[in-house]
1. Relative to the first principal axis of the alpha-carbon coordinates of the chain, what is the inclination of helix 161-173, with its axis defined by its Cα atoms, in degrees from 0 to 90 and to the nearest 10?
2. Round to a whole number: what % of the accessible area of the chain belongs to carbon and sulfur, probe 1.4 Å?
3. Which lysines, on any chain, are close to LYS104 with Cα under 17 Å apart, when same-chain ones fewer than 8 places away are left out?
4. Go through PHE262, ALA138, GLY173 and say which Cα lies farthest out towards the positive end of the charge dipole of segment 78-263; charges sit on Cβ, +1 for Lys and Arg, -1 for Asp and Glu.
5. Only loop residues by DSSP count here, and only those with at most 11 other Cβ atoms within 10 Å; note down the GluC sites (Glu not before Pro) in segment 72-144 that meet that.
6. Only bridges with both residues in the chain count here: give the DSSP antiparallel percent, nearest 5.
7. What is the packing order of peptides 127-139, 243-255, 15-27, taking the mean over residues of other C-beta atoms within 10 Å and listing the highest first?
8. 222 nm [θ] for the chain, helices only, -39500 (n - 2.57) per DSSP H run of 4+, per residue, to 500?
Amino acid sequence: MRDLRASFRAMPEQLHSLRMRSSCGREHISGAERLLDFAQLEEEMSSMLQRALGHPRGRAERICLTLEPVKAATVRRESLLSLSTFQVENWQQGRRLAGDLLKKLGLERVLVEAAVAQLSAGPAAQGGVMRGAMLIDALTGQRCESDRSRGVRVSRMDVDPGARQSIQCLLAGQGFDDPQRIVEAWTLASKVALCPQVIAELCWSDDPDYLTGYIASAQNGYQRISQLKKAGSRIGGRIFFIRPGTNLSALTDFLQRDPILFHAPGT
Ligand code: AMP
């Protein structure tokens, strides 16, 4: 009886959505989002601050940390997408492959090329990177975000604390040298893929030293591509290709607000 009560008490009733956003002037520098137990907050806040202060995109002038309570009972549990990696020789080959993977998901090549051109040129309202993702109508190619500098920022997702170690070991075992970065993108992509209104996501980083990007979809999983942009480029971003007629406020609400913890694929 005593054991049962002890394990019940050990389950937190509340989690915490922790988000960081940093900028220099009008330029977005970095961001991060986690869904954590109270005990993890101090360490993670300090690691977010370090990230903001020492980012390859430059030193932040403004750092905003937001902490909000999330009732544990409202948290959905889901499986991460399956993961695969394609090695390519250069970013041009990577972009062609991304186009092929999106074509297989039913997206027209011309529409994808126009979307990629917008992303490469700097998709924010004043040029440069956005803080969140672009939403592109998969039929018309029109952009649907209400704020072209902010876009939609996906948050309130993380890997289940009980699964984190095994997921990071799984990635380290496959020779990935930066498992933490992959876990963050993989978690984000897995949440986006839960939306039936999103056909696919395309992403490459705004970090000038990180060339890997991905295509993600519920249908084909999280497909990393070793090079998707030119070395040294500070322009990166995300595009969510959405079905025509999507209810934008329901989609944005889900992406920004619904809390989800992920376990390893197939577990
Ligand atoms: P990163 O993968 O962190 O290098 O981010 C690349 C780009 O993706 C950023 O410049 C943003 O435009 C976008 N982005 C980053 N985090 C998010 C997020 N949580 N939700 C939506 N878009 C994001």
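The values are calculated or read from the model by the stated rules, or taken from the named source; none is laboratory data. Just so you know, these numbers come straight off a predicted model, no measurement behind them. Counting neighbours? That spans all protein chains shown, and the Cβs are built from the backbone with ideal geometry, glycine included. For accessibility, only protein heavy atoms count, side chains too; no ligands or nucleic acids. Shrake-Rupley method; radii C 1.70, N 1.55, O 1.52, S 1.80 Å.
1. 50
2. On the way: 6770 of 13440 Å².
Within the chain, the accessible surface is 50 percent carbon and sulfur.
3. The reachable lysines, counting only those whose Cα sits under 17 Å from LYS104, number zero.
4. ALA138
5. On the way: sites: GLU78, GLU89, GLU108, GLU113; in loops: GLU89, GLU108.
Answer by residue number: GLU89.
6. On the way: 36 of 51 bridges.
In the chain, approximately 70 percent of DSSP beta bridges are antiparallel ones.
7. Values: 127-139: 20.3, 243-255: 14.6, 15-27: 18.0.
By packing density, highest mean first, the sequence is 127-139, 15-27, 243-255.
8. Values: 7 runs with 86 residues, N = 267.
The per-residue figure over the chain is -10000 deg cm²/dmol.
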